[in-house]
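The values are calculated or read from the model by the stated rules, or taken from the named source; none is laboratory data. Just so it is clear, the model here is predicted, and its values are computed rather than measured. Positions of Cβ are backbone-derived with ideal geometry, glycine not excepted, and every protein chain shown enters the neighbour counts. Note: accessible area is taken over every heavy atom of the protein model, side chains too, but ligands, DNA and RNA are not part of it. Shrake-Rupley method; radii C 1.70, N 1.55, O 1.52, S 1.80 Å.
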Amino acid sequence: MLLKINKTNKTMASLSLSSPPSLSSSFHNASTRLNLRTPTSLKLRTHYSPLSVKAITLTQDDLKKLAADKAVEYVKSGMVLGLGTGSTAAFVVSKLGDLLKSGELTNIIGVPTSKRTEEQARSLGIPLSVLDDNPRLDLAIDGADEVDPYLNLVKGRGGALLREKLVEAASDKFVVVVDDTKLVSGLGGSGLAMPVEVVQFCWKYNLIRLQNLFKEEGVDAKLRVDESGKPYVTDNTNYIVDLYFKTPIRDANAAGTEISALEGVVEHGLFLNMATSVIIAGKTGVEVKDK
């Protein structure tokens, strides 16, 4: 098999999104239903630059590592970096540690998006900081659970969505690394969890409101539990309500706005208009999509 690396330059057309109606206290009633619209199409320009390498048999971990290695090419010495969370992001952190050890990278600072990423980075000797001390980052690299054709994302199935969104929103560039199984025609289209982080207080009340918000679209809302069957607790001591959509979300911007408007919701896993590049590893090669 021949492995090809292709770079796709995308010129993003402007997307007209109507603002949701003003919110009132009555809007938050559990019976409220969300009025969604179908997004407009996006015209793209593509350019490919093939690179051939020796044929190999690729596992899913191999694909993740290929995407991670490509993403690290964006890193330069002296940068302040957002360090993502998850299996693909762990390959990125590992590669950064190797490059620091070899001297190929110097004077980088990492801002981790979870306690487990912090532990991994410290074990590799990567200097760390926090947003309080470095409020503007040069680059963040992270994985994603879903990627749509507009480079919008679902993230947070690893439970770190709040810190991920904080760090990645503070970054000048946000590079996403995925394998091709993460591609969807619309967010929520995989049928897997779209997480919403909520405070522990009255979590069931918010679970019901979240489910009713998407009642017409068809969604199951479930409290995330750990291996022992107890509620999963995030690094921020909150709970997570996972939303399982039966069909893709028709208007993710409106959905994100209305989810955030519910009192007690801390953050949601829709990462919209944030990614500047997405690196996709597939069995035929690696593709880079840029905004």
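What are the residues in the range 205-222 that are open to solvent by less than 30 Å² (accessible area, probe 1.4 Å) and among the aliphatic types (A, V, I, L, M), if any?
Residues satisfying the conditions are L207, L210, L213, V219, A221.
Select from the range 175-202 the residues that are among the hydrophobic types (A, V, I, L, M, F, W, C), over 22 Å from the mean Cα position of the chain (by Cα) and open to solvent by 70 Å² or more (accessible area, probe 1.4 Å) and list them in ascending order.
Going residue by residue through the range 175-202, those that are among the hydrophobic types (A, V, I, L, M, F, W, C) are 175-178, 183-184, 187, 192-194, 196, 198-199, 201-202.
Filter again for over 22 Å from the mean Cα position of the chain (by Cα), leaving 201-202.
Of everything in the range 175-202, just one residue is among the hydrophobic types (A, V, I, L, M, F, W, C), over 22 Å from the mean Cα position of the chain (by Cα) and open to solvent by 70 Å² or more (accessible area, probe 1.4 Å), namely F201.
Return the total of residues in the range 235-291 being among the basic types (K, R) and crowded, with 17+ Cβ neighbours inside 10 Å. Even if it seems obvious, please write down each step before you answer.
Within the range 235-291, the subset among the basic types (K, R) is 246, 250, 283, 289, 291.
Filter once more, so that each one left must be crowded, with 17+ Cβ neighbours inside 10 Å: 250, 289.
Summing the residues that are among the basic types (K, R) and crowded, with 17+ Cβ neighbours inside 10 Å in the range 235-291 gives 2.
State yes or no: is D179 under 26 Å from V288 (Cβ atoms) and modelled with pLDDT under 95? Let's see the steps before the verdict.
On the way: under 26 Å from V288 (Cβ atoms): yes; modelled with pLDDT under 95: yes.
Here the answer is yes, as D179 does meet what is asked.
Residues being in contact (Cβ under 8 Å) with a residue 40 or more places away in the chain and open to solvent by 60 Å² or more (accessible area, probe 1.4 Å): count how many of those fall in the range 127-137.
Number satisfying all stated conditions: 1.
Would you confirm whether any residue within the range 143-162 is polar (S, T, N, Q), more than 19 Å from D290 (Cα to Cα) and either open to solvent by 10 Å² or more (accessible area, probe 1.4 Å) or not in a strand (DSSP E or B) (or both)?
The answer is no; no qualifying residue exists.
Take P231 and decide whether it is open to solvent by less than 60 Å² (accessible area, probe 1.4 Å), over 30 Å from Y74 (Cα atoms) and touching a helix residue (DSSP H, G or I) at 6+ places or on another chain (Cβ under 9 Å).
Numbers: open to solvent by less than 60 Å² (accessible area, probe 1.4 Å): yes; over 30 Å from Y74 (Cα atoms): yes; touching a helix residue (DSSP H, G or I) at 6+ places or on another chain (Cβ under 9 Å): yes.
Yes.
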